[in-house]
Structure formats: C-alpha cells, structure tokens
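The values are calculated or read from the model by the stated rules, or taken from the named source; none is laboratory data. This one's a predicted model, so the numbers in the text were calculated from it and none came from an experiment. Virtual Cβ from ideal backbone geometry, glycine too; neighbours counted across all protein chains shown.
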Ligand code: NAD
Ligand code: IPM
Ligand code: MN
C-alpha cells in the first residue's frame, strides 16, 4: 500500500481539537487504500510562549519533507501583548505558505442540504474562491518611519508579478473548465489601477485559451453585495490574496458558518507539500469548551485526499459530512460527537 506522510500542526486554541476529529475521519475514510503516517509539530502561540520559537528552519525543512500538511489553527487571543513580537501569523502561517509556494489558496463554498444560511433565499450556493496565496499585500513589502509620532508614515505595498498572477489565473480557468465554466475576476481595477490592469490583462489573455469559460469581472465592493444577494451566480472566483481573505470569511458566513469552511494551500506543481486547514482561526473564545465544529477541518482533509490523488476516499468524507449536516437537529453537539457522527456516516469501503 501507498504511504502518506502527513505533517500535523494542531496549533492553538480549537486547532488541536478539530484536527483530532479530522484525523479520525481521514484514517477511517482511507481504510487500507493508504497507510497514513503522521508527524506532529508543536508550533503556534503556545510553543512561542514556552520556548520563544516561531518556525525554526530545521522544522520548516522537516515539514517540507512530508507529502502534505494538516493544520488546525495558529494564533493566540488577538491583542495579547505577550505575542506582539512573535507575529505568529506572519512568522508561521505565512512563512509556510510562502516557503512552500502555496500560490493557490483554494476555498470552496457549498451550502449543503439542510444547512441554514442567514440569507433568506440563497439559492444553490456552490462556488470556489481561488485566492492567490504568495503575493499581494501579504508579502511584507512595506515599512514605517517616525513610528509613534504624529508624523508617522506606514506603507504596505501590494506586490503583483506577471508570473504570480498568470499561474493562479491559469489554475482558476482550469478549475472553471472542470466545473460550470464561469469565472469571475474580483479586483478593484478602478482604484488599484496598476495591479488591476495586470490582473485584467492576464485574465483576458488566458481566457483566449479557454473559449468555453464565460468570464466576468466585479469590483470587490460589488462582489460583497452579490455574495449576499445572489451567491448562486458564482462558480469560480479568482482574486488576490487580501480580497480573497475577506471574501472567504463572508462566503463562510453565508454558507452555514465559519465552522464549515475548508481550505487548501496548494502548490500545484507538487514541488512542495500542500497544506490543508479550516478557514477559521484558533477561536480562543470557545477553546476547551467542546463547542468547536470540526466540520471545516474534516472537509479540509477531503481536499487533501483529492490533492493526493485519492478522490474516492475524499468523496466518502464529503458524503459523510453531507449526510451528517442533513440530519443535524437543533440539539448542540460537542466537537467529538460531530467527529464520531461523521465517521459513522462514512460510506462503507469497497472490498478490495
Ligand atoms: P476565529 O476564526 O478564530 O474566530 C472568529 C469567530 O468564529 C469566533 O467567535 C469563534 O468562536 C468562531 N469560530 C471559529 N471557528 C469555529 C468553529 N470551528 N466552530 C464554531 N465556531 C467557530 O478568528 P479570530 O478570533 O479573528 O482569530 C483568533 C486567532 O486565530 C488570531 O490569533 C488569528 O490571527 C488566528 N487565525 C488563524 C488562522 C489560521 O491559523 N489559519 C486563521 C484565522 C485566524
Ligand atoms: C486565513 C487567515 C490568515 C490570512 C491570517 C491568520 C494570516 O485569516 O487563513 O484566512 O489572512 O490568510
Ligand atoms: Mn482569513
């Protein structure tokens, strides 16, 4: 049998809680199709507070030697002064995404049957945001002078390269061609004219290679309107790192909550391992209470299996989650109860 070497970063807060359930479901779904070997990496705010480490180079190298990464969530309570200098988000999460060249941040949004949306009439919501993952304002290209004085100037530069934009746009077109063949570029070309022009010209150029894909464009502010008034219009949305971050929390909210939103940080070339994680964070407000919904982490393992070429096992997980969501009553269940229910709902493995 094939062996899948999985680096596991539970992280902070509810991260380890949801990852435990995700691993449980993942192992059961894979059965004997593959052997799953996990190595745990204790990284995050807790590790930093204990040792001062954020992501040492040798641990990054060790993580990079795996087939894939499963991450819960990292980060402490926003505003905790003890974490001010650590910058876990940049030093750990973004360092992983950048070092492992996760240029596709894939964030599907599905309103599953039986799941309540805060929208009155959401329609059939099933779209995927292809968020650029290695550029934009996230690169840390900026600086500040005269900090703390009334004359402070703080710059945060959005970096967009022809190479970086083209590769993610190409991925988004290919994804659209496999789906309902609609692609929406979201940007702010009316104000961010330099980057906007590059994105627009790139989409127009790549569109010529995908004549079957219908392309449209929305300014990001208008896109937030349509995500609320007509989310069913979207199939594939391609956008930059920051717009994609914001749109996908909104996408989570309209499709039953952030506890259901899965994501993959993907290096399509396979040169580096891809990383799968829920869209949500460490939720310090509910950590340790058993209230965290592990569904987003569980669905992230389906993306992981798809990426590793195990679509049947991925499909079993999606089917089990779909069944679990359809039969959820009003009674609140704990993190573990949801994980157990999803595992129990997995379709039987085909005899081999
Ligand atoms: P958050 O996503 O952790 O929490 C926002 C709200 O959603 C909270 O009320 C929380 O209780 C709720 N929530 C989140 N996940 C849930 C789940 N699975 N089930 C039920 N409810 C859930 O966002 P935040 O409070 O802005 O951030 C907390 C920390 O997490 C910060 O340090 C932030 O930087 C970090 N963060 C990390 C990641 C990551 O590791 N990928 C992502 C986002 C935020
Ligand atoms: C996410 C998170 C991260 C992001 C933060 C924690 C760096 O919000 O995964 O959506 O902005 O990408
Ligand atoms: Mn986010």
- Message: Given the criteria loosely packed, with under 15 Cβ neighbours inside 10 Å, in contact with a helix residue (DSSP H, G or I) (Cβ under 9 Å, 6 or more places away or on another chain), in contact (Cβ under 8 Å) with a residue 24 or more places away in the chain and under 21 Å from residue 188 (Cα atoms), does residue 134 qualify?
- Response: no
- Item | Conditions (1) surrounded by fewer than 17 Cβ atoms within 10 Å (Cβ to Cβ); (2) out of contact with any helix residue (DSSP H, G or I) (no Cβ under 8 Å at 6 or more places or on another chain); (3) touching a residue at least 40 places away in the same chain (Cβ under 8 Å): number failed by residue 172 | (1)
- Given the conditions (1) within 14 Å of ligand 3 (Cβ to nearest atom); (2) in contact with a helix residue (DSSP H, G or I) (Cβ under 7 Å, 6 or more places away or on another chain); (3) not assigned by TED's automatic domain parsing to the domain that holds residue 184, report the number of the one that residue 239 does not fulfil. (3)
- Item | Candidate set: the range 340-352, residues that are without any contact (Cβ under 8 Å) to a residue 40 or more places away in the chain and part of a loop (DSSP other than H, G, I, E, B); chosen: the one farthest from the chain's Cα centre (by Cα) | 351
- Query: Of everything in the range 211-228 that's free of Cβ contacts under 8 Å to residues at least 12 places away in the same chain and exposed (fewer than 15 other Cβ atoms within 10 Å of the Cβ), which residue is farthest from ligand 1 (Cβ to nearest atom)?
  - Reply: 211
- How many residues of the range 62-77 are over 20 Å from the mean Cα position of the chain (by Cα) and within 12 Å of ligand 1 (Cβ to nearest atom)? The answer is 1
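Which helices (runs of 4 or more DSSP H) sit wholly inside the range 230-339 and have at least 1 residues that are touching a residue at least 40 places away in the same chain (Cβ under 8 Å) and under 27 Å from residue 165 (Cβ atoms)?
Working: elements: 241-254, 295-307, 311-326.
Correct list: 241-254, 295-307.
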- Matching residues, the range 42-77, being exposed (fewer than 14 other Cβ atoms within 10 Å of the Cβ) and in contact (Cβ under 8 Å) with a residue 12 or more places away in the chain: 62, 65
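Among strands (runs of 3 or more DSSP E) lying entirely in the range 12-121, which contain 3 or more residues that are under 23 Å from residue 248 (Cβ atoms)?
On the way: elements: 34-40, 68-73, 104-110.
Qualifying strands (runs of 3 or more DSSP E): 68-73, 104-110.
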- Message: Considering only residues that are more than 7 Å from ligand 1 (Cβ to nearest atom) and in contact with a strand residue (DSSP E or B) (Cβ under 9 Å, 6 or more places away or on another chain), which ones fall in the range 265-278?
- Response: 265, 266, 267, 268, 273, 274, 275, 276
